[in-house]
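Step one of this worksheet: look at the structure below.
The values are calculated or read from the model by the stated rules, or taken from the named source; none is laboratory data. Just so it is clear, the structure is predicted and the values come from calculations on it, not from any experiment. So basically every Cβ, Gly included, is an ideal-geometry build from the backbone, and we count neighbours across all protein chains shown.
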């Protein structure tokens, strides 16, 4: 499967976490961000908001993280990058901040990215994905991704907060 905005969809695991931790073999950066997100929830049934997230709390993750604005105009939300770390821009070979979800993807893959993002918004729960980076000529690398919903003032999902880590065949982050 793929990063909701960038990677070519490849069938694999898509796990809703719903209060559980990611799998034990998940990269430490994903576990760190997930635990941080859990700790920022005002109560177990509520989502943290963007105000609850302070990038100074996770400086070693910043190159891997992204924020997507959830823009509601009409029936379905649309998504744009509010922030995208340098490692995501490296994968895309272009800066992503300010660009719409699906930038650089074919129409079909852009639609798949939108669908995956909509699923996180509708479920209001984190989602985890993994796969390879063959879509960008780096099929020798794998990735793991975690996407976390952030609540708005009305309780709806206002942003998606995520992290993507590229991993080489030896298990090291790229």
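Considering only residues that are assigned to a loop (DSSP other than H, G, I, E, B) and buried (at least 17 other Cβ atoms within 10 Å of the Cβ), which ones fall in the stretch 72-89?
85 - this is the single residue of the stretch 72-89 that is assigned to a loop (DSSP other than H, G, I, E, B) and buried (at least 17 other Cβ atoms within 10 Å of the Cβ).
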> Inside the stretch 50-62, can you point out the residues that are under 27 Å from residue 115 (Cβ atoms) and not in a helix (DSSP H, G or I)?
Replying inline: 53
> Do any residues in the stretch 149-173 that are at positive phi and surrounded by fewer than 20 Cβ atoms within 10 Å (Cβ to Cβ) have Cβ atoms under 6 Å from those of residues that are assigned to a strand (DSSP E or B) and at pLDDT 95 or above, where the two are at least six apart or on different chains, and which pairs are they?
Replying inline: none
> What is the number of the single condition among (1) closer than 21 Å to residue 66 by Cα; (2) not in a strand (DSSP E or B) that residue 169 does not meet?
Replying inline: (1)
>> Exactly one of these conditions fails for residue 114: (1) assigned to a helix (DSSP H, G or I); (2) over 13 Å from the mean Cα position of the chain (by Cα); (3) modelled with pLDDT of 85 or more; (4) within 25 Å of residue 34 (Cβ to Cβ). Give me its number.
In response: (2)
